[in-house]
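We did not get these values from a lab; they are worked out from the coordinates using the rules stated. Worth saying up front: this structure is predicted, and the values here are computed from it rather than measured.
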Amino acid sequence: MTRHFLPAACSAESRLSHAWLPSDTLAGCRQALCSAPDNGLAARPGGAQILTLQKQGLLLRHDCWEGASTRPALKSGSLLWMAGVNVTRFQPATFHLTGFPGLEPFHVWISVPFCALYFASILGNCAVLLVVRQGRHLHEPMYFFLCMLSLNDLGVSLSTLPTVLALFCFGLSKVAFDACLAQMFFIHSFSFMESGILLAMSFDRFVAIRHPLRYASTLTHPQIARIGAAIVLKSTAMLAPFPFLIKRLPFCGSNVLSHAYCLHPDMMRLACADITVNNVYGLFVVLFTYGLDSTCIVLSYIMILKAVLNIASRQQRRKALHTCVAHICAVLSFYVPIVAVSVLHRFGKGAPPVVHVMMSNVYLFVPPLLNPIIYSVNTKEIRKGIRRMLGCAGSWRLRANG
């Protein structure tokens, strides 16, 4: 009896539990599988069945498996699992991150501005937190919400920092599957939290201008704590299904992501199964958070403008509007990149990949950098507090040197 053997790349002895097969190797495997009789396959070491993951594409003819008890469908681009157990899905052990396509030789130089961005963002937000903590007169609702914003910006920066610096500084492009899921969850959660915090800050400005006499009694410390807890719970509850929606998908093609960090749209496009649920739920979350929050912010400023126009004194009107300048700038620095990324994704499919990567980086890195600058420039108390801190640091250095 003549034995038929599979090509080495897809043989049972090679124990390729998860290896990506090129199209020419896959064609060779198909030919060998169709020409090998069932009893020859059953006698091979490693198991009697050759199982595949399902993927939409070209099916292997079922008559190739005539007489076999199990007749799996081999599809184009699928991953072969040479074992005798049933397989219904597959997740790669790692994902490969990419920085700027075509600029890999310059990643070390690109790491310099990224390190500067991280340093400035972390230092600026920590400075705002220290100023508010040390200034007893700043323990007011407006500055408590500003502290929430600074903490959230620190969370955004620290969520992306490990993989971005590992890739650009050390050339480490691999990230574990579960670690990628965790990073995706935190990045999106902090982004949604920032939207909620900006909405809370617009409500703070509305109460301060429309009902100044009831400002302190309306936004008490327990009430502010409840608002902060509601923002955190809402964001985490909306994002909680995302890791499970990704984990249920089979990945049987490329495992290369298009950014230096893990995002839900970037991960789900690599799946070789129906991603309608991911798309629909993702759209619902975006509309329910960014869409609803931005609409409420616009409505709050319409009511603020009506309240300002009812103020008789021109100087008082100008003073009331000036208190909103910093918040308006923070809102614009957050939502304008989101709109730009959405428009580019919808209408700029012909744009170079580096443009898409750059816009995504602007969306994640610019708001944490700009917010401390915006509030230190437009808020006198924050500016004075930072100057006081710098003065204390300078005098301490002089005493140490003296």
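Structure data summary
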item	result
Three-way shape label, the range 175-245, alpha-carbon gyration tensor, a/c 1.5	prolate
Extension gain from ALA312 to CYS115, taking 0.36 nm per residue of separation minus the Cα-Cα distance	66.0 nm
Shape category assigned to the range 95-398 from the gyration tensor of Cα positions, a/c cut at 1.5	prolate
